[in-house]
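The values are calculated or read from the model by the stated rules, or taken from the named source; none is laboratory data. What you are looking at is a predicted structure, and each value in this text was computed from that prediction instead of being measured. Quick reminder, even Gly has a Cβ in these numbers, built from the backbone with ideal geometry, and neighbours come from all protein chains shown.
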Amino acid sequence: MVLAAGRGERMRPLTDTRPKPLLEVRGKPLMQWHLEALARSGFPRVVVNTAWLGSQIESHFGLAPAWDGHGALSISEQAGMGSQLVYSNEGRDFGGALETAGGIARALPLLDEVFWVVAGDVYASGFAFAPDAFERFAASGRLAHLWLVPNPPHNPRGDFGLSTEGLALSRREAAYTFSTIALYRKAFFAAPRCAIAPGNPDGIKAPLAPMLRAAMDNQQVGAELYAGAWTDVGTPERLAELNKDTP
């Protein structure tokens, strides 16, 4: 699942007329970097939640985008890489975004028992959605597995810790920031951990962090470090920094 429903307030005025996942980084919409990486790794079916200007995302990518060898959108049936997209339109159904946990719960009937989640507004072009990582997590019995990064300047206190046993720790001041890239199993979003019914028929807005911290306290969340380049493209300045050397 690619999370693409947010308003992008800190990105204004760029996001006044364009959703943040469609802002270009190094020649491609932010979200496309994830779609290509997932397809390369053998995970072509992706659920995308939308809200703010979501129709632009659907119009741009459609239901079956494919790419040529250079990352450009292609309509060729011979393209070697593509995705099958399913949209969870929170804006149409509820008038706005449902936050992270609410949005995932809304899309839950569309997802497999184990699934990736990544925010459509982070840039991590080197991340591989590795099938072996997926299989290890599926066999682990844990409820979630997170990829953490060193704390960037805009988040000096971090989000979570990491134990020597590979468990995520819920302490408030931590050495690492949650990259938004994670594996979950559907049971993470089931009662009693999650009070939202599958499909979120009432459109309940709910954040994800409290659920993650509760599961961490029960040693049900694994984690590891991602050492590659990663940027939370949260401001026009960060976007410009990423694009400064783009031809």
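Among the residues of the range 98-115, write down those that are within 25 Å of Thr231 (Cβ to Cβ) and surrounded by fewer than 22 Cβ atoms within 10 Å (Cβ to Cβ).
Across the range 98-115, the qualifying residues are Glu99, Phe115.
Testing Gln220 on (1) within 15 Å of Tyr123 (Cα to Cα); (2) of a type in the set (S, T, N, Q); (3) modelled with pLDDT of 95 or more, one condition comes back false. Which one is that?
Tallying (1) within 15 Å of Tyr123 (Cα to Cα); (2) of a type in the set (S, T, N, Q); (3) modelled with pLDDT of 95 or more, Gln220 fails exactly one: (1).
Residue by residue through the range 44-65, note down the ones that are touching a Phe, Trp or Tyr at 6+ places or on another chain (Cβ under 9 Å), surrounded by fewer than 18 Cβ atoms within 10 Å (Cβ to Cβ) and not in a helix (DSSP H, G or I).
Within the range 44-65, Leu63 is the sole residue that qualifies.
Among the numbered conditions (1) touching a residue at least 60 places away in the same chain (Cβ under 8 Å); (2) touching a Lys or Arg at 6+ places or on another chain (Cβ under 8 Å); (3) of a type in the set (A, V, I, L, M, F, W, C); (4) closer than 27 Å to Ala66 by Cβ, tell me where Leu98 comes up short.
Among (1) touching a residue at least 60 places away in the same chain (Cβ under 8 Å); (2) touching a Lys or Arg at 6+ places or on another chain (Cβ under 8 Å); (3) of a type in the set (A, V, I, L, M, F, W, C); (4) closer than 27 Å to Ala66 by Cβ, Leu98 violates only (4).
So Ala223 clears everything in (1) small (Gly, Ala, Ser); (2) farther than 10 Å from Ala105 by Cα; (3) part of a loop (DSSP other than H, G, I, E, B) except one condition, right? Which one?
(3)
Suppose the filter is crowded, with 19+ Cβ neighbours inside 10 Å, in contact with a strand residue (DSSP E or B) (Cβ under 9 Å, 6 or more places away or on another chain), assigned to a helix (DSSP H, G or I) and not hydroxyl-bearing (Ser, Thr, Tyr); does Leu35 pass it?
Details: crowded, with 19+ Cβ neighbours inside 10 Å: yes; in contact with a strand residue (DSSP E or B) (Cβ under 9 Å, 6 or more places away or on another chain): yes; assigned to a helix (DSSP H, G or I): yes; not hydroxyl-bearing (Ser, Thr, Tyr): yes.
So Leu35 passes the test.
In the set Leu143, Leu169, which member is aliphatic (A, V, I, L, M) and surrounded by fewer than 19 Cβ atoms within 10 Å (Cβ to Cβ)? Steps first, please.
Values: Leu143 fails: surrounded by fewer than 19 Cβ atoms within 10 Å (Cβ to Cβ).
Sole residue among the options that is aliphatic (A, V, I, L, M) and surrounded by fewer than 19 Cβ atoms within 10 Å (Cβ to Cβ): Leu169.
Quick one: which residue in Arg185, Arg142, Arg171 is more than 30 Å from Ser55 (Cα to Cα), touching a residue at least 40 places away in the same chain (Cβ under 8 Å), touching a strand residue (DSSP E or B) at 6+ places or on another chain (Cβ under 8 Å) and basic (Lys, Arg)?
Values: Arg185 fails: more than 30 Å from Ser55 (Cα to Cα); Arg171 fails: touching a residue at least 40 places away in the same chain (Cβ under 8 Å).
After applying the criteria, what remains is Arg142.
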